């Protein structure tokens, strides 16, 4: 299934609407939200990994969703420092 232009616009609108509340939230609240999302990713990591392999032609290592979650936790514990640049 492919996203349509309407799907993209709806996603952008939802992100813009959610941003003020997100920017006022504290790190622990953000962590709880992202942890919940991470738990869902982990529950579906085989399915998501297979989709990535098909969609992007990446190597087998793309199936490991734990790398993404560990990277996010580094920020919570202060071992990940912002670069000051937007990418």
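Across the stretch 10-55, the qualifying residues are those that are surrounded by 10 or more Cβ atoms within 10 Å (Cβ to Cβ) and not in a helix (DSSP H, G or I), and the one among them that is farthest from the chain's Cα centre (by Cα) is 25. What do you reckon, is residue 7 exposed (fewer than 12 other Cβ atoms within 10 Å of the Cβ), assigned to a helix (DSSP H, G or I) and modelled with pLDDT of 90 or more? Taking the combined requirement at face value, the residue satisfies it.
The values are calculated or read from the model by the stated rules, or taken from the named source; none is laboratory data. Because the structure is a prediction, the values reported are computed rather than measured. Reconstructed Cβ throughout: ideal geometry from the backbone, glycine too, with neighbour counts over all protein chains shown.
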